[in-house]
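Step one of this worksheet: look at the structure below.
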Amino acid sequence: MEGRSTIVDDLIDNNILRTRLETEVIDLLGKPIRTYNENKLTKLAYYVGFRNKPFAVDPEFLIIEMKNGHVGNYYLQEGVPYRN
């Protein structure tokens, strides 16, 4: 998973996702593992995997918040990013 982690770090560090349309994000990253709504935002969740962090017990996910069809915010989150 090191390759995927490097790509995600590059996306975040270089603001590659900023202001993109949801369709552009899906074209770039593929279908998210889950799409869900929270606090009036649509969130796309992408599995990143386990990273080389001491004491990491949960995988990381890239969470992309969509607002009015555009990327509003994105961040890494450890553990399951949604509730069933």
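The values are calculated or read from the model by the stated rules, or taken from the named source; none is laboratory data. Values in this document were obtained by computation on a predicted structure and should not be read as measured data. Every residue, glycine among them, receives a Cβ derived from its backbone with ideal geometry; neighbour counts consider all protein chains shown.
Only residues that are assigned to a loop (DSSP other than H, G, I, E, B), in contact with a Leu (Cβ under 9 Å, 6 or more places away or on another chain) and either closer than 19 Å to ASN15 by Cα or of a type in the set (S, T, N, Q) (or both) were counted in the stretch 37-84, giving 1.
Within the stretch 18-30, the residues that satisfy the criterion of being more than 18 Å from GLY3 (Cα to Cα) and either assigned to a loop (DSSP other than H, G, I, E, B) or free of Cβ contacts under 8 Å to residues at least 24 places away in the same chain (or both) are ARG18, THR19, ARG20, THR23, GLU24, ILE26, ASP27. Taking first residues from the stretch 54-78 that are under 22 Å from ASN37 (Cβ atoms) and without any contact (Cβ under 8 Å) to a residue 60 or more places away in the chain and partners that are in a strand (DSSP E or B) and polar (S, T, N, Q), the Cβ contacts under 6 Å between residues at least 6 apart in sequence or on separate chains come to PHE61/GLN77; ILE63/GLN77; GLU65/ASN73; MET66/THR42. Kindly establish whether LEU21 is more than 18 Å from GLU78 (Cβ to Cβ) and in contact with a strand residue (DSSP E or B) (Cβ under 8 Å, 6 or more places away or on another chain). It is true that LEU21 is more than 18 Å from GLU78 (Cβ to Cβ) and in contact with a strand residue (DSSP E or B) (Cβ under 8 Å, 6 or more places away or on another chain). Among the residues that make up the stretch 67-79, is at least one of them under 12 Å from the mean Cα position of the chain (by Cα) and at positive phi? No: zero hits.
One residue is enough: does the stretch 19-35 have a residue meeting the conditions at pLDDT below 85 and β-branched (Val, Ile, Thr)? Looking through the stretch 19-35, none of the residues is at pLDDT below 85 and β-branched (Val, Ile, Thr).
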